[in-house]
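Worksheet: one structure, shown below.
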Amino acid sequence: MVASFDAYSASQADRWVADVLRTISPALDADASDAAWEWLYEGRIETRRALSLAEPCTVSVIHARTRITWTIRPVLLLSLAHRHGAELPQCAYVFKPHGTY
């Protein structure tokens, strides 16, 4: 599964991952839960440092045979339009993409 979350600051992105890890940690096996809490206590400092330097970072836990990874990437571009709930102009439906060459 792939999903995204629009955070408007490094602390908001960091807090979102932390909230999710706290929520799922009781359902994780002992090693994955330990890794989650290690990041919550120690890794968040490094994550915030990386984000403040506009560097991407990842947080991963492995539960049984499943790897759960969050990738946080700073975006340094200004958004042109909000991507949720926008109605496209009629000309957007006229465009016909060509195949790759």
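The values are calculated or read from the model by the stated rules, or taken from the named source; none is laboratory data. What you are looking at is a predicted structure, and each value in this text was computed from that prediction instead of being measured. So basically every Cβ, Gly included, is an ideal-geometry build from the backbone, and we count neighbours across all protein chains shown. Side chains included, ligands, DNA and RNA excluded: accessible areas come from the protein's heavy atoms. Shrake-Rupley method; radii C 1.70, N 1.55, O 1.52, S 1.80 Å.
Take segment 6-55 and flag every residue that is outside any helix (DSSP H, G or I) and either open to solvent by 90 Å² or more (accessible area, probe 1.4 Å) or aliphatic (A, V, I, L, M) (or both).
The answer is ALA7, TYR8, LEU28, LEU53, ALA54.
If you take the residues of segment 8-33 that are of a type in the set (Gly, Ala, Ser) and touching a Lys or Arg at 6+ places or on another chain (Cβ under 8 Å), which of them is modelled with the highest pLDDT?
So the residue we want is ALA18.
Within segment 56-69, can you find the residues that are exposed (fewer than 13 other Cβ atoms within 10 Å of the Cβ) and either touching a residue at least 24 places away in the same chain (Cβ under 8 Å) or closer than 12 Å to ASP29 by Cβ (or both)?
ALA64, ARG65, THR66
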